[in-house]
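Trainee: Sharing a structure, written as C-alpha coordinates. Questions coming.
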Amino acid sequence: MESLRFEEFTVPGRPGDSDERVADWVRATDLGFYDKERDAEAMQRVVDALRARGTRLVGVYDDGAAPPSLAATLPVATFAEFAGEFTVGPNAAVPAHQISDVTVRATHRRRGLLRRMLEDSLSRAAAAGAAVAVLTASEAGIYGRFGFSPAAHSQPVRVDVRSGLRLRPEARALVDGAGGRVVDVHPRDLAGIHDAVFAGFHAASRGSVTRSYDDVQRVTGRWGPDGRGAADDLRGYAYHAADGRPLGFATARFGGWDKTPKELRVVDLVAGDPAAELALWDHLGAHDLVQVLTFGRARVDDPLRWALADPRDVKTRDVEDSLWVRPLDLPAIVRASEFAADGRIVLDVEDSLGYVDGTWVLTVDGGAASVRRAGEGAPGPAGAAETVRVGVETLGSLLTGAIEPWQAEATGRLAGGERGAAAMRRIFGGRPRPMNHTFF
Ligand SMILES: CC(C)(COP(=O)(O)OP(=O)(O)OC[C@H]1O[C@@H](n2cnc3c(N)ncnc32)[C@H](O)[C@@H]1OP(=O)(O)O)[C@@H](O)C(=O)NCCC(=O)NCCS
(Lines give C-alpha, C1' and ligand atoms only; values in the text may rest on other atoms or scores of the structure.)
Protein backbone atom coordinates (compact mmCIF):
# COMPACT_ATOMS: atom_id res chain seq x y z
CA MET A 1 0.00 0.00 0.00
CA GLU A 2 3.05 2.26 -0.31
CA SER A 3 1.55 4.58 -2.91
CA LEU A 4 -1.84 4.79 -1.21
CA ARG A 5 -2.81 7.91 0.70
CA PHE A 6 -5.79 7.99 3.09
CA GLU A 7 -7.54 11.34 3.43
CA GLU A 8 -10.39 12.32 5.72
CA PHE A 9 -12.39 15.47 5.13
CA THR A 10 -15.78 17.08 5.57
CA VAL A 11 -17.69 19.12 3.00
CA PRO A 12 -16.60 22.75 3.32
CA GLY A 13 -18.64 25.88 2.67
CA ARG A 14 -22.34 26.56 2.66
CA PRO A 15 -25.35 25.07 0.85
CA GLY A 16 -24.90 25.62 -2.88
CA ASP A 17 -21.08 25.78 -2.71
CA SER A 18 -19.35 23.27 -4.97
CA ASP A 19 -16.14 21.46 -4.10
CA GLU A 20 -14.00 19.52 -6.59
CA ARG A 21 -12.45 17.13 -4.08
CA VAL A 22 -15.89 16.16 -2.77
CA ALA A 23 -17.25 15.90 -6.35
CA ASP A 24 -14.43 13.48 -7.27
CA TRP A 25 -15.20 11.46 -4.16
CA VAL A 26 -18.88 11.30 -5.24
CA ARG A 27 -17.84 10.23 -8.79
CA ALA A 28 -15.75 7.41 -7.28
CA THR A 29 -18.67 6.31 -5.07
CA ASP A 30 -21.03 6.34 -8.07
CA LEU A 31 -18.55 4.15 -9.99
CA GLY A 32 -18.49 1.71 -7.06
CA PHE A 33 -22.28 1.38 -7.08
CA TYR A 34 -22.54 1.27 -10.90
CA ASP A 35 -24.44 4.58 -10.98
CA LYS A 36 -24.75 6.90 -13.97
CA GLU A 37 -22.62 10.03 -14.26
CA ARG A 38 -24.24 13.09 -12.68
CA ASP A 39 -24.89 16.43 -14.31
CA ALA A 40 -23.92 19.57 -12.37
CA GLU A 41 -27.30 19.83 -10.62
CA ALA A 42 -27.34 16.19 -9.50
CA MET A 43 -23.77 16.58 -8.25
CA GLN A 44 -24.60 19.74 -6.30
CA ARG A 45 -27.53 18.11 -4.51
CA VAL A 46 -25.45 15.21 -3.25
CA VAL A 47 -22.65 17.57 -2.15
CA ASP A 48 -25.26 19.60 -0.26
CA ALA A 49 -26.73 16.44 1.29
CA LEU A 50 -23.32 15.23 2.48
CA ARG A 51 -22.68 18.65 4.01
CA ALA A 52 -26.14 18.86 5.60
CA ARG A 53 -25.65 15.72 7.65
CA GLY A 54 -22.08 16.63 8.65
CA THR A 55 -20.63 13.65 6.82
CA ARG A 56 -16.98 12.78 7.28
CA LEU A 57 -15.61 11.41 4.01
CA VAL A 58 -12.69 9.06 3.64
CA GLY A 59 -10.97 8.84 0.25
CA VAL A 60 -8.04 6.60 -0.59
CA TYR A 61 -5.78 7.94 -3.36
CA ASP A 62 -3.28 6.00 -5.43
CA ASP A 63 -0.39 8.40 -5.93
CA GLY A 64 1.32 5.89 -8.19
CA ALA A 65 -1.47 5.89 -10.80
CA ALA A 66 -1.02 7.71 -14.12
CA PRO A 67 -3.60 8.98 -16.65
CA PRO A 68 -5.69 7.75 -18.34
CA SER A 69 -6.29 5.51 -15.29
CA LEU A 70 -9.24 6.86 -13.32
CA ALA A 71 -7.16 6.20 -10.21
CA ALA A 72 -4.97 9.16 -11.20
CA THR A 73 -7.84 11.57 -10.50
CA LEU A 74 -10.48 9.79 -8.41
CA PRO A 75 -10.11 8.02 -5.07
CA VAL A 76 -9.76 4.25 -5.38
CA ALA A 77 -11.83 3.69 -2.25
CA THR A 78 -14.55 5.71 -0.51
CA PHE A 79 -16.20 5.60 2.89
CA ALA A 80 -18.61 7.95 4.67
CA GLU A 81 -19.64 8.31 8.30
CA PHE A 82 -21.96 10.64 10.17
CA ALA A 83 -23.61 10.89 13.55
CA GLY A 84 -27.18 9.82 14.20
CA GLU A 85 -29.29 8.08 16.80
CA PHE A 86 -30.42 4.51 17.14
CA THR A 87 -33.48 3.59 19.20
CA VAL A 88 -33.02 0.67 21.59
CA GLY A 89 -35.96 1.19 23.95
CA PRO A 90 -39.08 3.33 24.17
CA ASN A 91 -38.00 6.97 24.09
CA ALA A 92 -34.43 5.80 24.53
CA ALA A 93 -32.02 6.27 21.67
CA VAL A 94 -28.24 5.94 21.84
CA PRO A 95 -25.66 7.86 19.78
CA ALA A 96 -25.05 5.97 16.55
CA HIS A 97 -22.19 6.10 14.08
CA GLN A 98 -23.76 5.72 10.63
CA ILE A 99 -21.61 4.26 7.85
CA SER A 100 -22.35 4.58 4.16
CA ASP A 101 -20.89 4.83 0.63
CA VAL A 102 -18.34 2.06 1.12
CA THR A 103 -16.61 1.26 -2.16
CA VAL A 104 -13.28 -0.12 -3.24
CA ARG A 105 -12.40 0.01 -6.95
CA ALA A 106 -12.04 -3.40 -8.64
CA THR A 107 -8.37 -2.62 -9.36
CA HIS A 108 -7.68 -2.28 -5.62
CA ARG A 109 -10.04 -4.82 -4.07
CA ARG A 110 -9.07 -7.52 -1.57
CA ARG A 111 -5.98 -5.68 -0.42
CA GLY A 112 -7.40 -4.71 2.95
CA LEU A 113 -8.72 -1.22 2.08
CA LEU A 114 -12.21 -1.87 3.43
CA ARG A 115 -10.76 -3.42 6.57
CA ARG A 116 -8.53 -0.41 7.24
CA MET A 117 -11.27 2.17 6.54
CA LEU A 118 -13.79 0.32 8.68
CA GLU A 119 -11.51 -0.38 11.62
CA ASP A 120 -10.29 3.25 11.65
CA SER A 121 -13.90 4.42 11.49
CA LEU A 122 -14.97 2.22 14.41
CA SER A 123 -12.17 3.57 16.56
CA ARG A 124 -13.20 7.16 15.72
CA ALA A 125 -16.79 6.21 16.58
CA ALA A 126 -15.87 4.75 19.95
CA ALA A 127 -13.67 7.75 20.76
CA ALA A 128 -16.57 10.08 19.92
CA GLY A 129 -18.89 8.21 22.29
CA ALA A 130 -21.06 6.31 19.80
CA ALA A 131 -22.77 3.33 21.45
CA VAL A 132 -23.27 1.51 18.15
CA ALA A 133 -22.19 1.65 14.52
CA VAL A 134 -24.95 1.04 11.97
CA LEU A 135 -25.10 0.53 8.22
CA THR A 136 -27.31 -0.80 5.47
CA ALA A 137 -25.49 -3.52 3.54
CA SER A 138 -25.57 -4.15 -0.19
CA GLU A 139 -24.21 -7.66 0.41
CA ALA A 140 -24.73 -9.74 3.54
CA GLY A 141 -21.35 -11.46 3.52
CA ILE A 142 -19.11 -8.48 4.16
CA TYR A 143 -19.67 -7.04 7.61
CA GLY A 144 -20.08 -9.95 10.04
CA ARG A 145 -16.31 -10.27 10.42
CA PHE A 146 -16.28 -6.72 11.82
CA GLY A 147 -18.96 -7.49 14.44
CA PHE A 148 -22.01 -6.26 12.50
CA SER A 149 -25.20 -8.28 12.28
CA PRO A 150 -28.80 -7.64 11.23
CA ALA A 151 -30.56 -5.25 13.59
CA ALA A 152 -33.91 -5.14 11.80
CA HIS A 153 -35.65 -6.79 8.88
CA SER A 154 -38.44 -5.89 6.52
CA GLN A 155 -40.29 -7.63 3.72
CA PRO A 156 -41.97 -6.75 0.45
CA VAL A 157 -45.77 -7.12 0.56
CA ARG A 158 -48.45 -7.21 -2.11
CA VAL A 159 -52.02 -6.47 -1.07
CA ASP A 160 -55.00 -7.35 -3.23
CA VAL A 161 -57.36 -4.35 -3.21
CA ARG A 162 -59.59 -5.20 -6.18
CA SER A 163 -62.51 -4.70 -3.79
CA GLY A 164 -60.69 -2.19 -1.63
CA LEU A 165 -58.93 -3.18 1.58
CA ARG A 166 -61.31 -5.76 3.03
CA LEU A 167 -60.93 -5.09 6.73
CA ARG A 168 -62.49 -7.32 9.37
CA PRO A 169 -65.23 -5.57 11.36
CA GLU A 170 -63.00 -5.24 14.44
CA ALA A 171 -60.26 -3.61 12.39
CA ARG A 172 -62.78 -1.30 10.73
CA ALA A 173 -64.06 -0.38 14.22
CA LEU A 174 -60.49 0.32 15.36
CA VAL A 175 -59.90 2.68 12.44
CA ASP A 176 -63.29 4.39 12.75
CA GLY A 177 -63.08 4.56 16.55
CA ALA A 178 -59.74 6.40 16.40
CA GLY A 179 -61.57 9.26 14.71
CA GLY A 180 -58.65 10.35 12.54
CA ARG A 181 -58.72 10.97 8.80
CA VAL A 182 -56.49 10.59 5.79
CA VAL A 183 -56.04 13.47 3.37
CA ASP A 184 -54.28 13.63 0.01
CA VAL A 185 -51.35 16.04 0.20
CA HIS A 186 -48.91 17.27 -2.41
CA PRO A 187 -45.59 15.63 -1.48
CA ARG A 188 -43.86 19.03 -1.25
CA ASP A 189 -46.22 19.83 1.65
CA LEU A 190 -45.22 16.67 3.55
CA ALA A 191 -41.94 17.98 5.02
CA GLY A 192 -43.34 19.14 8.38
CA ILE A 193 -45.74 16.20 8.62
CA HIS A 194 -42.91 13.79 7.84
CA ASP A 195 -40.70 15.30 10.54
CA ALA A 196 -43.41 15.13 13.21
CA VAL A 197 -44.59 11.62 12.31
CA PHE A 198 -41.11 10.21 11.91
CA ALA A 199 -40.00 11.67 15.27
CA GLY A 200 -42.88 9.85 16.98
CA PHE A 201 -42.19 6.58 15.19
CA HIS A 202 -38.46 6.81 15.84
CA ALA A 203 -38.87 7.48 19.56
CA ALA A 204 -41.14 4.47 19.98
CA SER A 205 -39.48 1.95 17.68
CA ARG A 206 -36.58 -0.26 18.65
CA GLY A 207 -34.32 -0.61 15.60
CA SER A 208 -35.01 2.82 14.13
CA VAL A 209 -32.25 5.14 12.89
CA THR A 210 -32.70 8.91 12.53
CA ARG A 211 -33.52 10.25 9.11
CA SER A 212 -31.68 13.14 7.53
CA TYR A 213 -31.82 15.81 4.84
CA ASP A 214 -31.85 13.45 1.86
CA ASP A 215 -34.79 11.42 3.24
CA VAL A 216 -36.87 14.61 3.33
CA GLN A 217 -35.85 15.44 -0.26
CA ARG A 218 -37.21 12.06 -1.37
CA VAL A 219 -40.42 12.17 0.70
CA THR A 220 -41.25 15.59 -0.68
CA GLY A 221 -40.48 14.51 -4.26
CA ARG A 222 -37.79 17.18 -4.67
CA TRP A 223 -35.50 14.26 -5.53
CA GLY A 224 -36.44 11.41 -7.83
CA PRO A 225 -36.00 7.79 -6.73
CA ASP A 226 -32.34 7.70 -7.84
CA GLY A 227 -31.57 11.07 -6.26
CA ARG A 228 -31.71 12.88 -9.62
CA GLY A 229 -34.39 15.10 -11.12
CA ALA A 230 -37.71 15.52 -9.33
CA ALA A 231 -40.32 12.87 -8.61
CA ASP A 232 -43.18 14.27 -10.64
CA ASP A 233 -45.26 11.10 -10.23
CA LEU A 234 -45.16 10.91 -6.42
CA ARG A 235 -48.42 11.19 -4.47
CA GLY A 236 -48.63 12.08 -0.79
CA TYR A 237 -51.01 11.15 2.03
CA ALA A 238 -51.26 12.30 5.63
CA TYR A 239 -53.18 10.85 8.55
CA HIS A 240 -54.36 13.34 11.16
CA ALA A 241 -55.55 12.16 14.57
CA ALA A 242 -58.92 13.32 15.89
CA ASP A 243 -57.18 16.28 17.57
CA GLY A 244 -55.49 17.26 14.30
CA ARG A 245 -51.99 15.99 15.09
CA PRO A 246 -50.24 14.30 12.16
CA LEU A 247 -49.81 10.64 13.11
CA GLY A 248 -48.94 9.03 9.78
CA PHE A 249 -47.94 9.67 6.20
CA ALA A 250 -47.38 7.70 3.02
CA THR A 251 -46.02 8.34 -0.43
CA ALA A 252 -46.80 6.21 -3.48
CA ARG A 253 -46.59 6.16 -7.24
CA PHE A 254 -48.79 4.55 -9.86
CA GLY A 255 -47.20 1.52 -11.51
CA GLY A 256 -48.25 2.43 -15.08
CA TRP A 257 -51.17 1.72 -17.43
CA ASP A 258 -49.23 -0.91 -19.34
CA LYS A 259 -49.02 -3.24 -16.31
CA THR A 260 -51.70 -5.67 -15.15
CA PRO A 261 -52.89 -5.75 -12.43
CA LYS A 262 -52.89 -1.98 -11.98
CA GLU A 263 -50.58 -1.24 -9.10
CA LEU A 264 -50.05 1.56 -6.61
CA ARG A 265 -46.48 1.31 -5.33
CA VAL A 266 -46.13 2.51 -1.77
CA VAL A 267 -42.73 4.14 -1.39
CA ASP A 268 -42.85 5.15 2.27
CA LEU A 269 -45.42 4.49 4.98
CA VAL A 270 -44.71 5.55 8.54
CA ALA A 271 -47.23 5.80 11.34
CA GLY A 272 -47.16 6.59 15.02
CA ASP A 273 -49.89 4.11 15.97
CA PRO A 274 -51.66 1.03 14.59
CA ALA A 275 -54.95 2.79 13.77
CA ALA A 276 -53.09 5.40 11.72
CA GLU A 277 -51.17 2.69 9.87
CA LEU A 278 -54.35 0.74 9.06
CA ALA A 279 -56.18 3.90 8.02
CA LEU A 280 -53.39 4.70 5.56
CA TRP A 281 -53.53 1.18 4.07
CA ASP A 282 -57.31 1.49 3.89
CA HIS A 283 -57.11 4.79 2.03
CA LEU A 284 -54.41 3.56 -0.35
CA GLY A 285 -56.65 0.58 -1.12
CA ALA A 286 -59.57 2.86 -1.92
CA HIS A 287 -58.20 4.16 -5.24
CA ASP A 288 -60.44 3.34 -8.18
CA LEU A 289 -58.62 1.48 -10.97
CA VAL A 290 -55.94 0.24 -8.55
CA GLN A 291 -56.01 -3.53 -8.03
CA VAL A 292 -52.92 -4.13 -5.99
CA LEU A 293 -50.80 -2.23 -3.47
CA THR A 294 -47.13 -3.08 -3.17
CA PHE A 295 -44.71 -1.96 -0.50
CA GLY A 296 -41.07 -3.04 -0.45
CA ARG A 297 -40.44 -2.49 3.23
CA ALA A 298 -43.23 -3.72 5.45
CA ARG A 299 -42.74 -5.01 8.97
CA VAL A 300 -41.88 -8.68 9.23
CA ASP A 301 -44.51 -9.02 11.98
CA ASP A 302 -46.93 -6.68 10.21
CA PRO A 303 -50.36 -7.00 11.83
CA LEU A 304 -52.01 -6.12 8.49
CA ARG A 305 -52.89 -9.72 7.55
CA TRP A 306 -54.66 -10.13 10.89
CA ALA A 307 -56.78 -7.08 10.08
CA LEU A 308 -58.13 -8.52 6.84
CA ALA A 309 -61.29 -10.52 6.19
CA ASP A 310 -59.19 -12.70 3.89
CA PRO A 311 -55.65 -12.88 5.27
CA ARG A 312 -54.48 -14.18 1.87
CA ASP A 313 -55.12 -10.75 0.41
CA VAL A 314 -51.59 -10.06 1.71
CA LYS A 315 -48.73 -11.86 0.01
CA THR A 316 -45.18 -11.53 1.28
CA ARG A 317 -41.82 -12.37 -0.21
CA ASP A 318 -38.37 -12.89 1.24
CA VAL A 319 -37.38 -11.22 4.44
CA GLU A 320 -34.58 -8.70 3.93
CA ASP A 321 -32.21 -7.14 6.44
CA SER A 322 -32.88 -3.42 6.62
CA LEU A 323 -30.15 -2.44 9.08
CA TRP A 324 -26.93 -3.86 10.55
CA VAL A 325 -25.63 -2.96 13.98
CA ARG A 326 -22.25 -3.22 15.69
CA PRO A 327 -22.22 -2.74 19.49
CA LEU A 328 -19.44 -0.45 20.73
CA ASP A 329 -20.53 0.67 24.20
CA LEU A 330 -22.45 -2.13 25.88
CA PRO A 331 -23.31 -0.29 29.15
CA ALA A 332 -24.85 2.61 27.17
CA ILE A 333 -26.93 0.27 25.01
CA VAL A 334 -28.14 -1.84 27.93
CA ARG A 335 -29.03 1.20 30.09
CA ALA A 336 -31.33 2.50 27.34
CA SER A 337 -32.84 -0.88 26.44
CA GLU A 338 -36.14 -2.34 27.51
CA PHE A 339 -36.05 -6.06 28.26
CA ALA A 340 -38.90 -8.52 28.53
CA ALA A 341 -38.39 -9.44 32.19
CA ASP A 342 -36.28 -8.80 35.24
CA GLY A 343 -33.34 -11.11 35.81
CA ARG A 344 -29.59 -11.47 35.83
CA ILE A 345 -27.30 -13.17 33.38
CA VAL A 346 -23.56 -13.34 32.82
CA LEU A 347 -22.60 -12.72 29.20
CA ASP A 348 -19.27 -14.06 28.05
CA VAL A 349 -18.81 -12.00 24.88
CA GLU A 350 -16.28 -12.68 22.14
CA ASP A 351 -15.35 -9.61 20.11
CA SER A 352 -12.21 -9.88 18.00
CA LEU A 353 -11.99 -6.07 17.75
CA GLY A 354 -12.16 -5.80 21.54
CA TYR A 355 -14.93 -3.21 22.04
CA VAL A 356 -17.27 -5.41 24.07
CA ASP A 357 -15.02 -8.43 24.54
CA GLY A 358 -15.07 -10.03 27.99
CA THR A 359 -17.41 -11.13 30.74
CA TRP A 360 -20.33 -8.91 31.70
CA VAL A 361 -23.03 -9.15 34.34
CA LEU A 362 -26.35 -7.89 33.00
CA THR A 363 -29.07 -7.06 35.50
CA VAL A 364 -32.66 -6.02 34.89
CA ASP A 365 -34.32 -4.90 38.08
CA GLY A 366 -37.78 -3.34 38.15
CA GLY A 367 -37.39 -2.83 34.38
CA ALA A 368 -34.16 -0.83 34.76
CA ALA A 369 -31.24 -2.50 33.03
CA SER A 370 -27.53 -2.18 33.64
CA VAL A 371 -24.39 -4.11 32.82
CA ARG A 372 -20.92 -4.14 34.34
CA ARG A 373 -17.77 -6.04 33.71
CA ALA A 374 -17.55 -9.12 35.92
CA GLY A 375 -15.30 -8.32 38.84
CA GLU A 376 -16.01 -4.59 38.63
CA GLY A 377 -18.34 -2.58 40.85
CA ALA A 378 -20.49 -3.94 43.67
CA PRO A 379 -19.97 -7.67 44.09
CA GLY A 380 -23.73 -8.61 43.91
CA PRO A 381 -24.97 -12.14 43.47
CA ALA A 382 -23.33 -12.52 40.02
CA GLY A 383 -21.89 -15.82 41.03
CA ALA A 384 -25.39 -17.24 41.19
CA ALA A 385 -26.35 -16.09 37.68
CA GLU A 386 -26.17 -18.37 34.66
CA THR A 387 -23.44 -17.73 32.10
CA VAL A 388 -23.96 -17.76 28.33
CA ARG A 389 -21.31 -17.41 25.65
CA VAL A 390 -22.13 -15.28 22.66
CA GLY A 391 -20.29 -13.52 19.82
CA VAL A 392 -20.61 -9.77 19.43
CA GLU A 393 -22.54 -10.23 16.15
CA THR A 394 -25.23 -12.32 17.78
CA LEU A 395 -25.32 -10.03 20.80
CA GLY A 396 -26.13 -7.05 18.55
CA SER A 397 -29.07 -8.89 17.03
CA LEU A 398 -30.25 -10.13 20.44
CA LEU A 399 -30.18 -6.60 21.87
CA THR A 400 -32.37 -5.23 19.09
CA GLY A 401 -34.64 -8.28 19.10
CA ALA A 402 -33.88 -9.13 15.45
CA ILE A 403 -33.04 -12.65 16.61
CA GLU A 404 -34.94 -14.47 19.36
CA PRO A 405 -32.80 -16.24 21.98
CA TRP A 406 -34.30 -19.59 20.96
CA GLN A 407 -33.16 -18.96 17.39
CA ALA A 408 -29.66 -18.10 18.60
CA GLU A 409 -29.65 -21.26 20.68
CA ALA A 410 -31.03 -23.39 17.83
CA THR A 411 -28.20 -22.26 15.57
CA GLY A 412 -25.38 -22.69 18.06
CA ARG A 413 -24.88 -18.91 18.38
CA LEU A 414 -25.70 -18.99 22.09
CA ALA A 415 -23.97 -21.52 24.31
CA GLY A 416 -24.35 -22.07 28.02
CA GLY A 417 -26.70 -24.87 28.83
CA GLU A 418 -30.43 -25.04 29.28
CA ARG A 419 -30.63 -22.75 32.35
CA GLY A 420 -28.62 -20.00 30.69
CA ALA A 421 -30.68 -20.26 27.52
CA ALA A 422 -33.89 -20.14 29.58
CA ALA A 423 -32.71 -16.96 31.33
CA MET A 424 -31.90 -15.42 27.92
CA ARG A 425 -35.36 -16.35 26.61
CA ARG A 426 -36.97 -14.66 29.63
CA ILE A 427 -34.89 -11.48 29.53
CA PHE A 428 -34.31 -10.95 25.79
CA GLY A 429 -37.19 -12.89 24.24
CA GLY A 430 -40.72 -12.21 23.08
CA ARG A 431 -40.49 -8.51 22.28
CA PRO A 432 -42.01 -7.01 19.10
CA ARG A 433 -39.65 -7.24 16.15
CA PRO A 434 -37.46 -4.17 15.56
CA MET A 435 -38.37 -1.87 12.68
CA ASN A 436 -36.25 0.57 10.71
CA HIS A 437 -37.53 2.96 8.05
CA THR A 438 -34.21 4.68 7.28
CA PHE A 439 -31.93 3.73 4.40
CA PHE A 440 -28.56 5.41 3.97
C1 LIG B 1 -17.19 -4.79 -0.62
C2 LIG B 1 -15.91 -4.01 -0.86
C3 LIG B 1 -16.04 -2.63 -0.23
C4 LIG B 1 -14.74 -4.78 -0.21
O5 LIG B 1 -13.55 -4.01 -0.20
P6 LIG B 1 -12.07 -4.68 -0.14
O7 LIG B 1 -11.11 -3.58 0.08
O8 LIG B 1 -11.90 -5.56 -1.30
O9 LIG B 1 -12.16 -5.56 1.19
P10 LIG B 1 -10.89 -6.02 2.08
O11 LIG B 1 -9.76 -6.38 1.17
O12 LIG B 1 -10.59 -5.02 3.14
O13 LIG B 1 -11.50 -7.31 2.74
C14 LIG B 1 -11.79 -7.41 4.10
C15 LIG B 1 -12.41 -8.76 4.34
O16 LIG B 1 -13.73 -8.76 3.79
C17 LIG B 1 -13.87 -9.84 2.86
N18 LIG B 1 -14.76 -9.36 1.81
C19 LIG B 1 -14.61 -8.25 1.08
N20 LIG B 1 -15.63 -8.12 0.23
C21 LIG B 1 -16.44 -9.17 0.42
C22 LIG B 1 -17.66 -9.57 -0.17
N23 LIG B 1 -18.24 -8.86 -1.14
N24 LIG B 1 -18.25 -10.69 0.29
C25 LIG B 1 -17.67 -11.42 1.28
N26 LIG B 1 -16.50 -11.06 1.86
C27 LIG B 1 -15.90 -9.96 1.43
C28 LIG B 1 -12.47 -10.12 2.40
O29 LIG B 1 -12.37 -11.44 1.91
C30 LIG B 1 -11.68 -9.91 3.67
O31 LIG B 1 -11.83 -11.00 4.53
P32 LIG B 1 -10.70 -11.40 5.61
O33 LIG B 1 -10.28 -10.14 6.31
O34 LIG B 1 -11.40 -12.36 6.49
O35 LIG B 1 -9.59 -11.96 4.78
C36 LIG B 1 -15.62 -3.87 -2.37
O37 LIG B 1 -15.58 -5.13 -2.95
C38 LIG B 1 -16.65 -3.04 -3.14
O39 LIG B 1 -16.49 -1.86 -3.30
N40 LIG B 1 -17.77 -3.62 -3.63
C41 LIG B 1 -18.78 -2.91 -4.40
C42 LIG B 1 -19.54 -1.88 -3.55
C43 LIG B 1 -20.13 -2.51 -2.29
O44 LIG B 1 -20.70 -3.58 -2.30
N45 LIG B 1 -19.98 -1.80 -1.16
C46 LIG B 1 -20.51 -2.23 0.09
C47 LIG B 1 -21.67 -1.32 0.38
S48 LIG B 1 -22.57 -1.82 1.74
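The values are calculated or read from the model by the stated rules, or taken from the named source; none is laboratory data. Bear in mind the structure is a predicted one, so any value in this text is a computation, not a measurement. Quick reminder, even Gly has a Cβ in these numbers, built from the backbone with ideal geometry, and neighbours come from all protein chains shown.
Trainee: Being within 30 Å of Val334 (Cβ to Cβ), within 16 Å of the ligand (Cβ to nearest atom) and modelled with pLDDT under 95: is that true of Ala151 here? Step through it out loud before you land on a result.
Mentor: On the way: within 30 Å of Val334 (Cβ to Cβ): yes; within 16 Å of the ligand (Cβ to nearest atom): yes; modelled with pLDDT under 95: no.
For Ala151, the condition - within 30 Å of Val334 (Cβ to Cβ), within 16 Å of the ligand (Cβ to nearest atom) and modelled with pLDDT under 95 - is not met.
Trainee: So which residues in region 108-132 are hydrophobic (A, V, I, L, M, F, W, C), away from the ligand (no atom under 13 Å from the Cβ) and not in a loop (DSSP other than H, G, I, E, B), if there are any at all? Let's see the steps before the verdict.
Mentor: Keep residues of region 108-132 that are hydrophobic (A, V, I, L, M, F, W, C), which gives 113-114, 117-118, 122, 125-128, 130-132.
Restricting the remaining residues to those that are away from the ligand (no atom under 13 Å from the Cβ) gives 122, 125-128, 130-132.
Result: Leu122, Ala125, Ala126, Ala127, Val132.
Trainee: If you don't mind, another one. Counting only residues that are charged (D, E, K, R) and assigned to a loop (DSSP other than H, G, I, E, B), which one in region 48-81 is surrounded by the fewest Cβ atoms within 10 Å (Cβ to Cβ)?
Mentor: Looking only at region 48-81, we keep the residues that are charged (D, E, K, R), and these are 48, 51, 53, 56, 62-63, 81.
Checking which are assigned to a loop (DSSP other than H, G, I, E, B) leaves us with 53, 63.
Values: Arg53: 20, Asp63: 10.
Only one residue tops the list, namely Asp63.
Trainee: Related question: Return only the number of the condition from (1) over 19 Å from Leu50 (Cα atoms); (2) part of a loop (DSSP other than H, G, I, E, B) that Ala151 does not satisfy.
Mentor: Answer for Ala151: the failing condition is (2).
Trainee: While we're on this one: Kindly evaluate Ala298 against the criterion of being farther than 30 Å from Ser138 by Cα, of a type in the set (Gly, Ala, Ser) and either at pLDDT 95 or above or buried (at least 17 other Cβ atoms within 10 Å of the Cβ) (or both).
Mentor: No: the conditions fail for Ala298.
Trainee: Quick one: Asp318 ticks every box in (1) part of a strand (DSSP E or B); (2) surrounded by fewer than 20 Cβ atoms within 10 Å (Cβ to Cβ); (3) not hydrophobic (A, V, I, L, M, F, W, C) except a single one, so which number is it?
Mentor: (1)
Trainee: Of the numbered conditions (1) over 17 Å from Leu280 (Cβ atoms); (2) touching a Phe, Trp or Tyr at 6+ places or on another chain (Cβ under 9 Å), Val185 satisfies every one except a single condition; which is it?
Mentor: (1)
Trainee: Whether any residue in region 61-79 is without any contact (Cβ under 8 Å) to a residue 60 or more places away in the chain and among the charged types (D, E, K, R) is what I want to check.
Mentor: Yes: one or more hits.
Trainee: Working only within region 87-107, note down all residues that are in a loop (DSSP other than H, G, I, E, B) and farther than 26 Å from Ala332 by Cα.
Mentor: If we filter region 87-107 for residues that are in a loop (DSSP other than H, G, I, E, B), which is where we start, we get 90-91, 105.
Within region 87-107, just Arg105 meets the criteria.
Trainee: A further question on this structure: Considering only residues of region 1-54 that are among the hydroxyl-bearing types (Ser, Thr, Tyr) and out of contact with any Ser or Thr (no Cβ under 6 Å at 6 or more places or on another chain), which is nearest to Arg115 (Cα to Cα)? Walk me through how you get there before you give the answer.
Mentor: So the first thing to find is which residues in region 1-54 are among the hydroxyl-bearing types (Ser, Thr, Tyr), and the list is 3, 10, 18, 29, 34.
The next check asks that each one be out of contact with any Ser or Thr (no Cβ under 6 Å at 6 or more places or on another chain); those that pass are 3, 10, 18, 34.
Values: Ser3: 17, Thr10: 21, Ser18: 30, Tyr34: 22 Å.
That would be Ser3.
Trainee: Counting only residues that are outside any helix (DSSP H, G or I) and either more than 14 Å from the ligand (Cβ to nearest atom) or within 16 Å of Arg56 (Cα to Cα) (or both), how many does region 15-34 have?
Mentor: 5
Trainee: While we're here: Just checking, which of Ala137, Ala66 is away from the ligand (no atom under 15 Å from the Cβ), modelled with pLDDT of 95 or more and over 19 Å from Thr10 (Cα atoms)? Please lay out each step first, then the result.
Mentor: Working: Ala137 fails: away from the ligand (no atom under 15 Å from the Cβ).
Just one listed residue meets the conditions, Ala66.
Trainee: What number goes with the only condition from (1) within 15 Å of the ligand (Cβ to nearest atom); (2) under 21 Å from Arg218 (Cβ atoms); (3) assigned to a strand (DSSP E or B) that Gly84 does not pass?
Mentor: For Gly84, the exception is condition (1).
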